[in-house]
Amino acid sequence: MAWPREQMQECIESPELTEPGPGNVFRFHHAALPAEREDTDQDHGPAALQLVYQLADVVRSREEHAAQVEARAQALGKRALDELNLAEERLRATEVSRNAAEAALEKANATLHEFEATLKHTGARIAAAETQLSDALRRAKTAETRAAESEMALQRLEDAIRAQLLNIGGQARRNSASAA
């Protein structure tokens, strides 16, 4: 009874005796029985039945293994698909954030350009006002100098008029005193 098991094991493990067929079905090539077997007279019915059971166990084991591999592959595929969907959602969220940041940056740049233009305009106005102030100060100083000169001229004129009036008043008294 040991020889049928050994024969079956050889058939399963030997790639030249088996080849995969469609739908996980293995085809067994007919292998010649070992030459040293001399017990051809015996009834091999129970041994053949045992081989069929063993073959069924092997097929069932392979099918279970294939089902496990398929289940793992489907689980891995689903997990990969879920991760891909999550990555796509993150990418979309990142793109939305980037677009919002770019819009904010563009707005900030526009505001900065406005401030720069306003600053240039204000600087030009300040420079013009400083020029006007400088001109006004120069005119005020000139006017002050002229006013001081006019005041001095007026003072000299007053002094000259007083001197003339005193001279006239002194001569009139002298003339009146001489006439008297």
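Number of residues in the range 29-71 that are among the charged types (D, E, K, R) and at pLDDT 90 or above equals 6.
Within the range 83-99, the residues that satisfy the criterion of being within 11 Å of the chain's Cα centre (by Cα) and not aliphatic (A, V, I, L, M) are Thr94, Glu95, Ser97, Arg98, Asn99. Tell me, yes or no, whether the range 100-114 has at least one residue that is in a helix (DSSP H, G or I) and over 24 Å from the mean Cα position of the chain (by Cα). Looking through the range 100-114, at least one residue is in a helix (DSSP H, G or I) and over 24 Å from the mean Cα position of the chain (by Cα). Quick check, is Gln74 at pLDDT below 95 and assigned to a helix (DSSP H, G or I)? No.
The values are calculated or read from the model by the stated rules, or taken from the named source; none is laboratory data. The shown structure was predicted, so the numbers you read here are calculated from the model rather than taken from an experiment.
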